[in-house]
Structure formats: structure tokens, C-alpha cells
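Here's the structure we're looking at; comments come further down.
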Amino acid sequence: MANALLIQVLNGLVYGGLLFIVSVGLVLIFGLRRVVNFAHGSLFMIGAYVGFSIATVAGFWAGVLGAAVVLAVAGVLLDVSVFRPLRRQDPIATVLVTFGLLLILEDLAHSVWGKDTHTLPLPEMLAGSVDILGQPFPAYRLMVIAVAAAVGVGLALWLRFSRVGLFVRASSIDPVTTAVQGVNTDRVSALVVAVGTGLAGLSGTIAAPLLALSPSMGGSILIESFIVVVVGGLGSFSGALIAALAIGQIHNLGIIYVPWAATMVPFLLMVAVLVWRPTGFAGSHV
């Protein structure tokens, strides 16, 4: 019984890790641009398709790297063409534009890759299982957990100890004063949006062997990513990590033990946080 529970906890870490990689991109973008990016789920979906297309030609790891780079470039274009021109407009304008972009990207996926679902095969070196306390566990899922941990550690080190990370944290708190000190906040914001969308592409490709690729695949991950961001705290990196891991466990254990309430509990958690702690678990700054 304890071994089986451990496997389910590991599966929760896999889902929580994917949620973290996706939602931390939302956190970074909101922290600097104060933008609720409804297109983020579609960027996850496009990343999965781009990674799938590259992987079929050059291999899985090239697909992962290629999707991250392509989506990072798309993020710079998104910042220059959408976020920057609309930063002084009513926030609802950016919400409507990003929602429209979501629909455009879904139509683009329909046109380029068709409506049929696709599956990205597991990389050969990770196709087997690892024995954990007598229970087999897919090696690929352990890799997903490791990638999520590496992303978390890498971002933490970047934000805390690099010069650019200092600019990112300062800009998220007071962009005007930061700009007065000589920091090019537009350039910093473009970099952060690129990192956020690149992580969406990375997570989409990593999730591709676990999910069926379809133009609508970004919808559910977007909803749960928003729950993570709200529960963890808008703009909070550490809060996103805590919330993603918690919701990953709630999602997985809920499906196993209380399937009738599994989809409802994360929403109830979000409502409770909004009522009793509107700033989330960890406040509102990166």
C-alpha cells in the first residue's frame, strides 16, 4: 500500500512539475508586464507541435531545444508587437488581444498539423522503467521531474545572483524607478517574455510523449496554470512552485481516490485563497 502511494505521489510530482514549468512563464510575464496572457496555453500547444516536427527529423532532444528556441523568439515578437504597444491601455484590451491570439494559434495548428491527434515517441534511452521500492516507474517521468527541478533551480539562481536577475526583480517591483537608474526595462521585459514563452515551448515538448497532441491541448493546462498563479500569488516565483506541487498532488491523488471531486478541488482551493489570502501563498513579487 505504501509503495503504491509513493508511485502516485511521484506521478503527482510529474504533473506538478509540468504545471510549474508552464505557470512560471506566466508568473515571469505578469511580474514585469502586468499582463494576463490568455495565449500561454496555445504557446504550450504550439511548442508541443514544433517539438514534434523537429523531433521527427532530428531526434527528441533537438525537438526539445528547438521548441524552446522557436517559442522564445515568438515571445520577443509578442512583447514587441502586443505587450509593449498595449501597456498603457486598459488591461482588458490586452486580455482580449491575447484571447484572440489563442484562437489564431489554434487555427494555425489546425491548418499546419491538421485535426488528427499525434504522439511523440519516448526517447529510446528513457523508454524503460526504474524499480522504486519494488514498483516499476517510467524513467521518462523521472526525467520530467528532474527537468522541472533544474528549471526551478536555474531560474532561482538567475533571479537571485545574476545582474539581469537583479534588474528583473527591480523592474517587477518598481519599473519607473528602475528605468530612472539607467536600466532598459523594455529590453529586460522582452528577455523575460522570451524566457516565459520558451519555457512554454519546453514544457509542451516534454509533455508531448505523455499527452495526445491536438490543437485544443492547451486549454486544460492554461486553466490549471492560472489556478497555480492565483494560489501561489500573482508574480511570485516561489508561490508558483508551492502551488504547482500542491495542485499536482491534488490532481493525481484526487483522480485515484475521489474521482468525482478531482476537477473541483483545485477551483475550491483557488476560491478559498482569493477569499482568505488574496495575495496568494507567497505574495506578489518574483
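The values are calculated or read from the model by the stated rules, or taken from the named source; none is laboratory data. All values derive from a computational prediction rather than experimental measurement. Here the Cβ is made from the backbone with ideal geometry for all residues, glycine too, and neighbour counts use every protein chain on show. Protein only, heavy atoms only, side chains kept; ligands, DNA and RNA dropped before computing areas. Shrake-Rupley method; radii C 1.70, N 1.55, O 1.52, S 1.80 Å.
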For the stretch 198-243, give me the residue count where each residue is among the hydroxyl-bearing types (Ser, Thr, Tyr), out of contact with any Gly (no Cβ under 7 Å at 6 or more places or on another chain) and more than 26 Å from residue 66 (Cα to Cα). 1
Could you list, in sequence order, the residues of the stretch 230-286 that are hydroxyl-bearing (Ser, Thr, Tyr) and open to solvent by 50 Å² or more (accessible area, probe 1.4 Å)? 238, 257, 263, 279, 284
Test residue 223 against the stated conditions and say whether it is surrounded by 17 or more Cβ atoms within 10 Å (Cβ to Cβ) and either under 26 Å from residue 192 (Cβ atoms) or in contact with a His (Cβ under 7 Å, 6 or more places away or on another chain) (or both). no
Please work out which one of (1) open to solvent by less than 60 Å² (accessible area, probe 1.4 Å); (2) at pLDDT below 90; (3) not aromatic (Phe, Trp, Tyr) is the condition residue 121 fails and give its number. (1)
When residues of the stretch 44-69 are limited to those that are over 14 Å from residue 198 (Cβ atoms) and among the aliphatic types (A, V, I, L, M), the one most open to solvent (accessible area, probe 1.4 Å): 57
Can residue 126 be described as closer than 22 Å to residue 189 by Cβ and open to solvent by less than 40 Å² (accessible area, probe 1.4 Å)? no
So in the stretch 22-43, with the set limited to residues that are within 20 Å of residue 214 (Cβ to Cβ) and in contact with a Ser or Thr (Cβ under 6 Å, 6 or more places away or on another chain), which one is surrounded by the fewest Cβ atoms within 10 Å (Cβ to Cβ)? 38
